[in-house]
Amino acid sequence: MERDGQLELYDLVAARLKYAHAAVRSLNVTEDERRALVRRLLVITAATKQDLPSAVRRLDRFIAELDPGRPVEGQSRGEGDASP
């Protein structure tokens with residue numbers, strides 16, 4: 001049972017990473033800015049293999065920075081996280 005829940009979490013994170021990559025592609029920014037954003041996403045992607053909860057928090061913040069009006073799943077109001 002635990003494994004099924006973990007697989008669902010990985011599926012959710014994968015879908016959110018896909019959303020974030022699509023959002024970065026659609027931004028009207030310079031190529032250097034886009035490259036920097038993609039690098040951040042690659043770091044977050046790599047982090048999912050080592051520390052999934054931390055990577056999820058980082059992905060939440062990244063998506064919130066891209067689209068401040070979009071509610072971020074898994075993050076309640078007022079919940080702060082100072083980890084990189």
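The values are calculated or read from the model by the stated rules, or taken from the named source; none is laboratory data. Please read these numbers as outputs of a predicted model, since none were measured by experiment. Note: ideal-geometry Cβ built from the backbone for every residue, glycine included; neighbour counts use all protein chains shown.
Please verify whether V72 is part of a loop (DSSP other than H, G, I, E, B), at pLDDT below 95 and under 10 Å from the mean Cα position of the chain (by Cα), treating the condition exactly as stated. It would help to see each step written out before you state the result.
On the way: part of a loop (DSSP other than H, G, I, E, B): yes; at pLDDT below 95: yes; under 10 Å from the mean Cα position of the chain (by Cα): yes.
Judged against the criteria, V72 is a match.
R39 - would you say it is modelled with pLDDT under 95, of a type in the set (D, E, K, R) and in a helix (DSSP H, G or I)?
Working: modelled with pLDDT under 95: no; of a type in the set (D, E, K, R): yes; in a helix (DSSP H, G or I): yes.
So R39 fails the test.
Please go through region 1-19 and pick out each residue that is hydrophobic (A, V, I, L, M, F, W, C) and touching a residue at least 40 places away in the same chain (Cβ under 8 Å). So that I can check it myself, show each step before the final result.
Step one: list which residues in region 1-19 are hydrophobic (A, V, I, L, M, F, W, C), which gives 1, 7, 9, 12-15, 17.
Scanning region 1-19 gives L9, L12, V13, L17.
Taking Y10 and the conditions (1) in contact with a helix residue (DSSP H, G or I) (Cβ under 7 Å, 6 or more places away or on another chain); (2) modelled with pLDDT of 85 or more, which numbered condition does it fall short on, given that it satisfies the others?
In the conditions (1) in contact with a helix residue (DSSP H, G or I) (Cβ under 7 Å, 6 or more places away or on another chain); (2) modelled with pLDDT of 85 or more, Y10 misses (1) alone.
Go through region 20-54 and report how many residues are farther than 14 Å from A64 by Cα and touching a residue at least 40 places away in the same chain (Cβ under 8 Å).
1
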